[in-house]
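Notes follow the structure.
The values are calculated or read from the model by the stated rules, or taken from the named source; none is laboratory data. Small disclaimer: the values here were computed from a predicted structure and weren't measured. Because the Cβ atoms are built from the backbone with ideal geometry, glycine has one as well, and the counts that use them run over all protein chains shown. All accessible areas refer to the heavy atoms of the entire protein, side chains included, with ligands and DNA or RNA removed. Shrake-Rupley method; radii C 1.70, N 1.55, O 1.52, S 1.80 Å.
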Amino acid sequence: MIQSSSNSPRQSENAATVTATAHPNIALVKYWGKASEARNIPAVGSLSLTLDGLATTTRVAAADEDRFELNGDTDASMGQRAFAFLDQYWPGRPALDIASDNNFPTAAGLASSASGFAALTLAVDSLLDGGRDRESLAQCAGSGSGSAARSLFGGVVRLDPPAQRDGDIRVRQVAEASDFPLELVIAVTSAARKPIGSTEAMRATAATSPYFDAWVRDQAQDLDAAEQAVAARDFDALAAVTEKSCMKMHAVMLGNDPWLLYWNAATVACIHEVRVLRASGLGVCFTIDAGPQLKAVCLPEDADRVAETLAGVDGVTDVLRASLGRGAFLHSA
Ligand code: DP6
């Protein structure tokens, strides 16, 4: 796995630089669709695993003008999105120099926006005021990218939509990483940026998919089933609800007009392999996000076998491994 690059010379000279790292998270019960686009409030709750190994590291310093670099390059569109987000939460903020590095492919369905907004929120909060608790940081990060709210917490995390209109999302840890030590094996089938971002795709789903209302209606049931499975350390029950939620989310977007499918042939081949492995008695199930990578959730003792098998599937270009990790954190100065 590629490691994040070192500080740029411009920033390492600046004593008032704050650095934060956040890990991506992978939802087992999926977020898809928004109740409010203006506030980026999800229409449904979700339950996720925060990973270790994969990471976004973001350095922020006050500057004379706004600058944004992603993986060492100026990125105008991500910069615009990041600064518009910061203006909402820190109106009147100073100009900022932001440098962010991912040690994994960006915008390819590996949740880089989750770790990106979580690291950015924590770093800017610490640089400018430092007063927010985790729950408020999650509110803030979630308005940048819905899934980012979950990366503020480690282990297994549940996000519930607001209890009433205009309310806030509620995010909490349901298990520590060490309580249920699952492993992730990620079969990368394409490192290309996805053709349609999840924000735009969700908008199309809400506007055109005939299955959207049913998706929203049944979500609470899936969330409760997943949380109970985690509490009981019941891998089979967790596997069942994980695959159900994944397939329902992709079915909902297949119903978009025009239809939307993020998978490629290798994604489908990996689904079949996981099914065969589970039938042979291994603790493994799959989930897939807004991209063609397959994420296999495994019991630790079975992860090597799963990784070997998925690495041999035609079209799999890389296999990444991660276990469960901690929520976003600051580096000491
Ligand atoms: C398929 O959090 O990227 O990964 O709020 O529009 O930025 P925005 O969406 P984003 O969507 C994640 C969707 C998903 C499922 C999930 O992570 O729950």
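At a glance:
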{"item": "Checklist (1) in contact with a helix residue (DSSP H, G or I) (Cβ under 9 Å, 6 or more places away or on another chain); (2) touching a residue at least 12 places away in the same chain (Cβ under 8 Å); (3) open to solvent by 30 Å² or more (accessible area, probe 1.4 Å) applied to Gly131, failing item", "result": "(2)"}
{"item": "Some residue of the stretch 94-113 being of a type outside the set (A, V, I, L, M, F, W, C) and part of a helix (DSSP H, G or I)", "result": "yes"}
{"item": "Single match in Ala191, Ala187, Ala207 (criterion: farther than 22 Å from Val319 by Cβ and either under 20 Å from the mean Cα position of the chain (by Cα) or modelled with pLDDT of 95 or more (or both))", "result": "Ala207"}
{"item": "Residues within the stretch 103-123 that are modelled with pLDDT of 95 or more and surrounded by fewer than 24 Cβ atoms within 10 Å (Cβ to Cβ), tallied", "result": "0"}
{"item": "Which listed residue, of Val276, Val252, is in a helix (DSSP H, G or I), of a type in the set (Val, Ile, Thr) and open to solvent by 60 Å² or more (accessible area, probe 1.4 Å)", "result": "Val276"}
{"item": "Positions within the stretch 71-94 being over 19 Å from Ala118 (Cα atoms) and either of a type in the set (Val, Ile, Thr) or in contact with a Phe, Trp or Tyr (Cβ under 7 Å, 6 or more places away or on another chain) (or both), in sequence order", "result": "Thr74"}
{"item": "Residue list for the stretch 15-72, filter: within 21 Å of Pro162 (Cα to Cα), open to solvent by 10 Å² or more (accessible area, probe 1.4 Å) and assigned to a loop (DSSP other than H, G, I, E, B)", "result": "Tyr31, Glu37, Ala38, Arg39, Asn40, Ala43"}
{"item": "Where Ala269 falls short, out of the listed (1) under 20 Å from the mean Cα position of the chain (by Cα); (2) open to solvent by 20 Å² or more (accessible area, probe 1.4 Å)", "result": "(1)"}
{"item": "So Thr242, is it among the β-branched types (Val, Ile, Thr), open to solvent by less than 10 Å² (accessible area, probe 1.4 Å) and either free of Cβ contacts under 8 Å to residues at least 60 places away in the same chain or within 26 Å of Leu310 (Cβ to Cβ) (or both)", "result": "yes"}
{"item": "Residue within the stretch 124-131 that is among the polar types (S, T, N, Q) and either within 16 Å of the ligand (Cβ to nearest atom) or modelled with pLDDT of 95 or more (or both) present", "result": "yes"}
{"item": "Test: Ser48 is closer than 22 Å to Ser198 by Cα and either at pLDDT 95 or above or in contact with a Pro (Cβ under 9 Å, 6 or more places away or on another chain) (or both)", "result": "yes"}
{"item": "Test result for Ala204, part of a loop (DSSP other than H, G, I, E, B), out of contact with any Phe, Trp or Tyr (no Cβ under 9 Å at 6 or more places or on another chain) and open to solvent by 30 Å² or more (accessible area, probe 1.4 Å)", "result": "no"}
{"item": "Residue in the stretch 255-273 that is nearest to Gln293 (Cα to Cα), counting only those that are in contact with a Ser or Thr (Cβ under 8 Å, 6 or more places away or on another chain) and part of a helix (DSSP H, G or I)", "result": "Thr267"}
{"item": "The stretch 175-188 residues that are in contact (Cβ under 8 Å) with a residue 12 or more places away in the chain, paired with ones that are surrounded by fewer than 21 Cβ atoms within 10 Å (Cβ to Cβ) and part of a helix (DSSP H, G or I) (beta carbon under 6 Å, 6 or more apart)", "result": "Pro181/Pro300; Glu183/Pro300; Val185/Ala307"}
{"item": "Count - residues of the stretch 21-72 that are within 16 Å of the ligand (Cβ to nearest atom) and either in contact (Cβ under 8 Å) with a residue 60 or more places away in the chain or touching a strand residue (DSSP E or B) at 6+ places or on another chain (Cβ under 8 Å) (or both)", "result": "31"}
{"item": "Hits in the stretch 221-239 (condition: of a type in the set (A, V, I, L, M, F, W, C), assigned to a helix (DSSP H, G or I) and open to solvent by 60 Å² or more (accessible area, probe 1.4 Å))", "result": "Ala231"}
